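Notes for the one structure printed next.
The values are calculated or read from the model by the stated rules, or taken from the named source; none is laboratory data. Just so it is clear, the structure is predicted and the values come from calculations on it, not from any experiment. Cβ placement follows ideal geometry from the backbone for every residue including glycine, while neighbour counts extend to all protein chains displayed. Only protein heavy atoms, including side chains, enter the accessible area calculation; ligands, DNA and RNA are left aside. Shrake-Rupley method; radii C 1.70, N 1.55, O 1.52, S 1.80 Å.
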Amino acid sequence: CPPERNALKDFYESTKGPDWTNNTKWLHPYETHCSWYGVNCSTSGNTIELSLTNNGLSGTLSKKIADLTFLEVLDLNDNDIKGLIPTEIGLLS
């Protein structure tokens, strides 16, 4: 799997993806990650936005979020994510 897809898979698992309000197409083996609910990609297929506001996320943020090197927008408002924000998120530009 591409590194971005692996990072998103880890994010899904660490935030209890099966329990989300909307997890349409997440981890579907024949769908590009760009078609997953809340994921927006550039024309070259890089994840540039992850927007999952008020979607029932819980758990913690994974350090692998830093593997989304093209991420410009991370919107996780109104969810129940606990713990510290991984310092690796500071590596994103």
Give the lysines reachable from Lys25 as a straight Cα distance under 18 Å; neighbours fewer than 8 places away on the same chain don't count.
Lys9, Lys16
Only loop residues by DSSP count here, and only those with at most 13 other Cβ atoms within 10 Å; note down the chymotrypsin sites (Phe, Trp or Tyr not before Pro) in region 1-84 that meet that.
Tyr30
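What size of dipole, in debye to the nearest 20, comes out for the chain about its Cα centre when the only charges are +1 on Lys and Arg C-beta atoms and -1 on Asp and Glu C-beta atoms? Mind dumping the intermediate values first?
Numbers: 7 positive and 12 negative charges, 41 e Å.
Around 200 debye, computed over the chain.
Please list Ser35, Ser62 from largest to smallest accessible area, probe radius 1.4 Å, with all protein chains kept in place.
Values: Ser35 40, Ser62 20 Å².
From most accessible down to least: Ser35, Ser62.
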Rounded percent of accessible protein surface that carbon and sulfur make up, the chain, 1.4 Å probe:
51 percent
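Might you tell me the accessible area per residue for the chain, computed with a 1.4 Å probe and given in Å²? Could you put the intermediate results ahead of the total?
Working: 5420 Å² over 93 residues.
Per-residue accessible area for the chain comes out at 58 Å².
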Using a 7 Å offset from the Cα along the Cα-to-Cβ direction at both Ile89 and Ala66, what is the distance between the two label points in nm, to one decimal?
1.4 nm
